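Worksheet: the structure to be examined is printed underneath.
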Amino acid sequence: MKSTTLPLFKKTKRLILRPLELHDFENWSQAYSSMLPPQNQFDETNWVDSELTKAKFKALLKKQLHNHALDQVYAFGVFLKDDGLLIGEVFIGNIQRNVLQNGILGYRIFNNYWNHGFATEACSAALQIAFKDLRLHRIEANIEPTNKASLKVAKNIGLKKEGFSPKRIFDNKKWLDMFNFAATCEDYGIKYKFPPK
């Protein structure tokens, strides 16, 4: 499937989801340098100036375009519809085609925009892209058991808890346990259509 033929763009009541573009550099740099101090163990700090150069941003765009072209990972900036500010990101990655037609959902909303329901709104839109535009059949999410905010988002967008995987993901020099959530397009009333070859 060629991603250039896909309408990788989605509007919701308050948000716009779309891939980052070169003109987003200042917006991106501002977003990653103006967060509040970390609010919990799953949050991260502001990026330093050396990580926020135009060269780094161009490299990020190149990598994202490459991943799109390979049909492996589709990344979207989450922008406020009213003023265009970048407030986070969502991605659909680890895509497997053939008999699986499966992907993994991930997201991040910057902490100065928490507690407004933006994660639920953005992830709901990402599911529509996954099932309707990318023509995936199943979306999964892996969430640490103590990440209450992400567990709430999974429930809010209709993912079903399927199980528990001990030591599933290696991150920050340790293996992490995960709850496994998933849904298929039929769970949202979408009839499955195999993507064109």
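Would you check if residue 43 is open to solvent by 70 Å² or more (accessible area, probe 1.4 Å), outside any helix (DSSP H, G or I) and touching a residue at least 12 places away in the same chain (Cβ under 8 Å)?
Working: open to solvent by 70 Å² or more (accessible area, probe 1.4 Å): no; outside any helix (DSSP H, G or I): yes; touching a residue at least 12 places away in the same chain (Cβ under 8 Å): yes.
So residue 43 fails the test.
Looking only at region 177-197, count how many residues are modelled with pLDDT under 90 and assigned to a strand (DSSP E or B).
Initially, region 177-197 is screened for residues modelled with pLDDT under 90, giving 193-197.
Checking the rest, the ones that are also assigned to a strand (DSSP E or B) come to none.
Of the residues in region 177-197, 0 are modelled with pLDDT under 90 and assigned to a strand (DSSP E or B).
Do we find that residue 24 is in contact (Cβ under 8 Å) with a residue 12 or more places away in the chain, in contact with a strand residue (DSSP E or B) (Cβ under 8 Å, 6 or more places away or on another chain) and on the phi > 0 side of the Ramachandran plot in this structure?
no
Scan region 105-123 and report the pairs whose first residue is without any contact (Cβ under 8 Å) to a residue 24 or more places away in the chain and among the charged types (D, E, K, R) and whose second residue is open to solvent by 40 Å² or more (accessible area, probe 1.4 Å) and outside any helix (DSSP H, G or I), with Cβ atoms within less than 7 Å and a gap of 6+ or a chain change.
108/89
Looking for something closer than 19 Å to residue 123 by Cα and either assigned to a loop (DSSP other than H, G, I, E, B) or hydrophobic (A, V, I, L, M, F, W, C) (or both) - is there at least one such residue anywhere in region 48-68?
no
If I go through region 72-103 residue by residue, how many of them are open to solvent by less than 20 Å² (accessible area, probe 1.4 Å) and among the acidic types (Asp, Glu)?
Going through region 72-103 one residue at a time, the tally reaches 0.
Based on what the data block shows, is residue 137 within 20 Å of residue 10 (Cα to Cα), open to solvent by 90 Å² or more (accessible area, probe 1.4 Å) and at pLDDT 95 or above? Lay out the reasoning, then the answer.
Details: within 20 Å of residue 10 (Cα to Cα): yes; open to solvent by 90 Å² or more (accessible area, probe 1.4 Å): no; at pLDDT 95 or above: yes.
No.
Regarding region 24-37, can at least one residue be identified that is surrounded by fewer than 15 Cβ atoms within 10 Å (Cβ to Cβ), over 24 Å from residue 94 (Cβ atoms), at pLDDT below 95 and in contact with a Ser or Thr (Cβ under 7 Å, 6 or more places away or on another chain)?
No, there is no match, as no residue in region 24-37 is surrounded by fewer than 15 Cβ atoms within 10 Å (Cβ to Cβ), over 24 Å from residue 94 (Cβ atoms), at pLDDT below 95 and in contact with a Ser or Thr (Cβ under 7 Å, 6 or more places away or on another chain).
Consider only pairs whose beta carbons are under 7 Å apart and that are at least six residues apart or on different chains; among these, list those whose first residue lies in region 51-65 and is on the phi < 0 side of the Ramachandran plot and whose second residue is among the aromatic types (Phe, Trp, Tyr).
52/32; 54/25; 57/25; 57/28
Which of the residues spanning region 105-129 are assigned to a strand (DSSP E or B) and in contact with a Phe, Trp or Tyr (Cβ under 8 Å, 6 or more places away or on another chain)? Write out each step before concluding.
We begin by selecting, within region 105-129, every residue assigned to a strand (DSSP E or B); these are 105-109.
Listed by number, the residues that qualify are 105, 106, 107, 109.
If you check residue 191 against the conditions, is it closer than 23 Å to residue 133 by Cα, surrounded by fewer than 11 Cβ atoms within 10 Å (Cβ to Cβ) and not polar (S, T, N, Q)?
Working: closer than 23 Å to residue 133 by Cα: yes; surrounded by fewer than 11 Cβ atoms within 10 Å (Cβ to Cβ): yes; not polar (S, T, N, Q): yes.
Answer is yes for this residue.
Which residues, counting only those in region 144-168, are at negative phi, under 17 Å from the mean Cα position of the chain (by Cα) and open to solvent by less than 90 Å² (accessible area, probe 1.4 Å)?
Scanning region 144-168 gives 144, 147, 149, 150, 151, 153, 154, 156, 157, 159.
Pairs only if they're at least six apart or on different chains, beta carbon under 7 angstrom, first in region 138-164 and touching a residue at least 40 places away in the same chain (Cβ under 8 Å), second among the charged types (D, E, K, R); list them, first residue then second.
If the second residue must be among the charged types (D, E, K, R), the pairs left are 144/177.
The values are calculated or read from the model by the stated rules, or taken from the named source; none is laboratory data. Please read all numbers here as calculations on a predicted model, not as lab measurements. We place every Cβ from the backbone using ideal geometry, glycine too, and count neighbours over all the protein chains shown. SASA here: full protein model, heavy atoms, side chains in, ligands and nucleic acids out. Shrake-Rupley method; radii C 1.70, N 1.55, O 1.52, S 1.80 Å.
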